[in-house]
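J.: Following this message is one structure expressed as structure tokens.
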Amino acid sequence: MWNLLLKALWETLYMVGASLALSALFGVPLGIVLVITEPRHIRPAPLVHKLLSTIINIGRSLPFIILLVAIIPFTRWVVGTSIGTTGAIVPLTVSAIPFTARVVETALLEIDRGVIEAAQAMGATTGQIITKVMIPEAVPGLILGLTMVAVNLIGYSAMAGAVGGGGLGDLSIRYGYQRFRGDIMLLTVVILVAIVQGLQSCGSWLAARLNRR
Amino acid sequence: MSQVMIELANVTKIYGQGEKRVVALDNVSLKINKGEIFGIIGLSGAGKSTLIRCINKLEVPQSGTITIAGQEITKLKGKELRETRRKIGMIFQHFNLLSSRTVYGNIAFPLEIAGAKRSELKERVLSLIDLVGLSDKISAYPAELSGGQKQRVGIARALANNPEVLLCDEATSALDPETTKSILGLLQDINQRFNLTIVLITHQMNVIKEICDTVAVIEDGRIVEEGPVVELFARPRTPTARRFMKSVLPTEIPAEIKERALRMDDRKRGGKTVRISFIGDVAGEPVISSLIRKFQVDVNIIHANLDYIKNTPFGSLIIDLMGESSKIEAAMEFLKDRGLKLEVLNGVEPTA
Ligand SMILES: Nc1ncnc2c1ncn2[C@@H]1O[C@H](COP(=O)(O)OP(=O)(O)OP(=O)(O)O)[C@@H](O)[C@H]1O
Ligand SMILES: [Mg+2]
């Protein structure tokens, strides 16, 4: 039993960790583009902004379980397989990218416009404003936002069982529910709750720690 | 001969369209000389911020040109614009410091952006921190500083790349009067030390009075009056200018004195209550004693105030002149000849 649990825990951490990293990799730049293309921001581009915003909204409105199935061909093309833990990472990432982009957008919009303007007045380039002003100023908000993405991913990863992804959620359903192993069900739930709690506490603590405002 | 540092020619800036259309700047032309402190005063919504933000192209005017040190900034784009902006410092009402950086980090920021070498950067930052008197706050974050200290960081940051021009957008409006004085003192100090041209916008006349050489009054996007500050105080032409002036100079005659002057009229003692207003060097001359000696009139000083506009004395004196009426007339002529402005407070002569 412990072996099963340990294996499932590892699978969950692997799926969530990998898809979190990947969705941050794509979602953060998307969030940045979303913000700077706003009407009175540093690179106004109404068309780009509208287009991106619409795509993100569509992405966020698709139910995960449908997305999981719908992108099977894409998943196979990217990682060579559409099943297993690795196969689950692709749909998890795809579903988390739009959410990440919004979360990043929210964090970046909280920065005082005056600070960005001051940097513009000093002759900073767009790249310098993003890397030296916007991101450092938004660090606490970004950490909280990414914590939210991670917690969401843990929830979604439970559905990865549908494609044989494994993980704690899958274990809980297959053993706990289908084979009436109440003890396994309980343990997986306890572990999941502990992970979410721990993650949220770490995120909040770090954000507060780094907040200089 | 003074050299023009900033020139605005027929600058018009319009926000919005249709119903929301606002003409924020209406054909504004201005010349600002090198090394002067140029104040722009106006009521809220007059277009002050828009005007100063056009100077470093944070706002792009619809028409007109703005030239800084011979370079037409309204034409510049991309790299050229950024390089020119490095030579124009700016400070803000709400300081706009990076909350994630310390005092040191904030002042280092413009140098990093300009690609300064590490060794030079440190030296420069330390000397700037020293200049604004914040050596003991070097690793404090903005949230740990008072408003005045934050503005000092803002000033140090604005000076980092040795600008030729410093733009101040309501730099003291968020500060208490004491702190305002110290920040204005610092601005005056750097103006003299580095021959820096300072453009300062404000809605507070005491700021203008304290440090500006030249002032422009802006109203509804138009410059309605412009000239040396002393001139504006001596001869305000527009109602707006007069209103601003009143806010810092007690031009109102105290009620008791008015009443007293009327009573004196009643008694027909032949005396006159006169207000003498003066500006500039006359204040140092022994006018009153010559008056007494030359015209054998009695002088009774009943009210006086003296103030300074930058370094020019400015004030008024209310006196009773008593004696033979011909002598009083002669004495008054004498005062007028000295360039003093006279107002008789009693009798028929209307006050100006
Ligand atoms: N971004 C903008 N969009 C639309 N209208 C604007 C914008 N900025 C300023 N305005 C309008 O332009 C006019 C001038 O504004 P500006 O901010 O220059 O005034 P101000 O003199 O600086 O006022 P205050 O003393 O309140 O700061 C105002 O009527 C204002 O509503
Ligand atoms: Mg303003």
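J.: For the pair residue B:306 and residue B:71, how long in nm is the line joining their label points, each one 7 Å along Cα→Cβ?
T.: Output for this residue pair reads 4.7 nm.
J.: Further, regarding this structure: Can you pull the Kirkwood radius for region B:255-344, inverse mean 1/r over Cα pairs, to one decimal in Å?
T.: 13.5 Å
J.: For the protein assembly as shown, give the magnitude of the charge dipole about the Cα centre (Cβ charges: +1 Lys/Arg, -1 Asp/Glu; no others), in debye to the nearest 20.
T.: My answer is approximately 1280 debye.
J.: A further question follows. Assigning unit charges at the beta carbon (Lys, Arg +1; Asp, Glu -1) and nothing else, what dipole magnitude in debye, to the nearest 20, does region B:4-248 show about its Cα centre?
T.: Once rounded to the nearest 20, the dipole reads 440 debye.
J.: Also, I was wondering about something else. List the lysines whose Cα lies under 21 Å from the Cα of residue B:209, skipping any in the same chain that are fewer than 8 positions away.
T.: B:31, B:34, B:48, B:181, B:246, B:310, B:341
J.: Expressed as a fraction of 2.2 N^0.38 Å, the rule-of-thumb size for a compact globular protein of N residues, what is the C-alpha radius of gyration of the protein assembly as shown?
T.: 1.42
J.: Using only Cα atoms, locate the centre of region B:34-108 and the centre of region B:159-228, then give the distance between them in Å, rounded to an integer.
T.: The two parts, judged by their Cα centres, are 13 Å apart.
J.: Related question: Put +1 on the Cβ of every Lys and Arg and -1 on every Asp and Glu Cβ in chain B; which of B:253, B:171, B:139 then has its Cα farthest towards the positive end of the dipole?
T.: Going by the Cα projections, it comes out as B:139.
J.: Further question: If you bin every alpha carbon distance in chain B into 10 Å steps from zero, what whole percent lands in each bin?
T.: Result returned by the calculation: 5, 21, 25, 20, 14, 9, 5, 1, 0.
J.: Another one. In nm, give the distance between the simple-model label positions of residue A:139 and residue B:224, each being 7 Å from the Cα along the Cα-to-Cβ direction.
T.: Going by the 7 Å Cα→Cβ label model, 5.0 nm.
J.: Tell me, what is the 1.4 Å probe accessible area of residue A:14, in Å² to the nearest 10?
T.: Number for this one is 80 Å².
J.: Which one of A:73, A:3, A:204 is farthest out on the positive end of the charge dipole of region A:2-209, using unit charges on Cβ (Lys, Arg +1; Asp, Glu -1) and the Cα centre as origin?
T.: Final value for the positive-end residue is A:73.
J.: Report, as an integer, the average count of C-beta atoms from other chains found within 10 Å of each Cβ along B:93-105.
T.: Going residue by residue through B:93-105 and averaging, the value is 5.
J.: Next question, about the same structure. Please state the charge dipole magnitude for region B:80-190, taken about the Cα centre, from unit charges on C-beta atoms (+1 on K and R, -1 on D and E), reported in debye and rounded to the nearest 20.
T.: About 360 debye.
J.: Something else about it: Which of the peptides A:58-67, A:203-212 is most tightly packed, and how do the rest follow, going by the mean number of other Cβ atoms within 10 Å of each residue?
T.: Final packing ranking: A:203-212, A:58-67.
J.: Express the accessible area of the protein assembly as shown per residue in Å², computed with a 1.4 Å probe while the remaining protein chains stay in the model.
T.: It amounts to 48 Å² per residue over the protein assembly as shown.
J.: On to the next question. Name the residue from B:10, B:103, B:44 whose Cα lies farthest towards the positive end of the charge dipole of region B:1-104, charges +1 on Cβ of Lys and Arg and -1 on Cβ of Asp and Glu.
T.: Value: B:103.
J.: Let me ask something else. Send over the per residue convex hull volume for region B:28-131, Cα only, as a whole number of Å³.
T.: Per residue, the Cα convex hull of region B:28-131 comes to 152 Å³.
J.: Further question: Quote the accessible area belonging to residue A:36 in square angstrom, nearest 10, computed with a 1.4 Å probe and with ligands, DNA and RNA left uncounted.
T.: The accessible area comes out at roughly 20 Å².
J.: How shielded is B:152-164 by partner chains, expressed as the average number of their Cβ atoms within 10 Å of its Cβ atoms?
T.: The mean count of partner-chain Cβ atoms within 10 Å per residue comes to 1.
J.: Tell me, how many Å apart are the Cα centres for region A:139-190 and for region A:121-137?
T.: Cα centres, region A:139-190 to region A:121-137: 38 Å.
J.: Once you average over the residues of A:111-119, how many Cβ atoms of partner chains fall within 10 Å of each Cβ?
T.: 6
J.: Hey, another quick one. Ranking request for peptides A:101-112, B:76-87, B:226-237: highest mean number of other beta-carbon atoms within 10 Å first, then the rest in descending order.
T.: The packing order, highest mean first, is A:101-112, B:226-237, B:76-87.
J.: If only Cα atoms are counted, what is the Rg of chain A, and what is its Dmax, in Å?
T.: Expressed in Å, the Cα Rg and Dmax of chain A come to 19.6, 66.
J.: Follow-up question, since we're still on this one. Could you sort B:217, A:190 by their accessible area in this structure, using a 1.4 Å probe and putting the largest first?
T.: A:190, B:217
The values are calculated or read from the model by the stated rules, or taken from the named source; none is laboratory data. Everything numeric here is computed off the predicted structure, so don't read it as measured data. Neighbour counts run over all protein chains shown; Cβ positions are idealised from the backbone, glycine included. Side chains included, ligands, DNA and RNA excluded: accessible areas come from the protein's heavy atoms. Shrake-Rupley method; radii C 1.70, N 1.55, O 1.52, S 1.80 Å.
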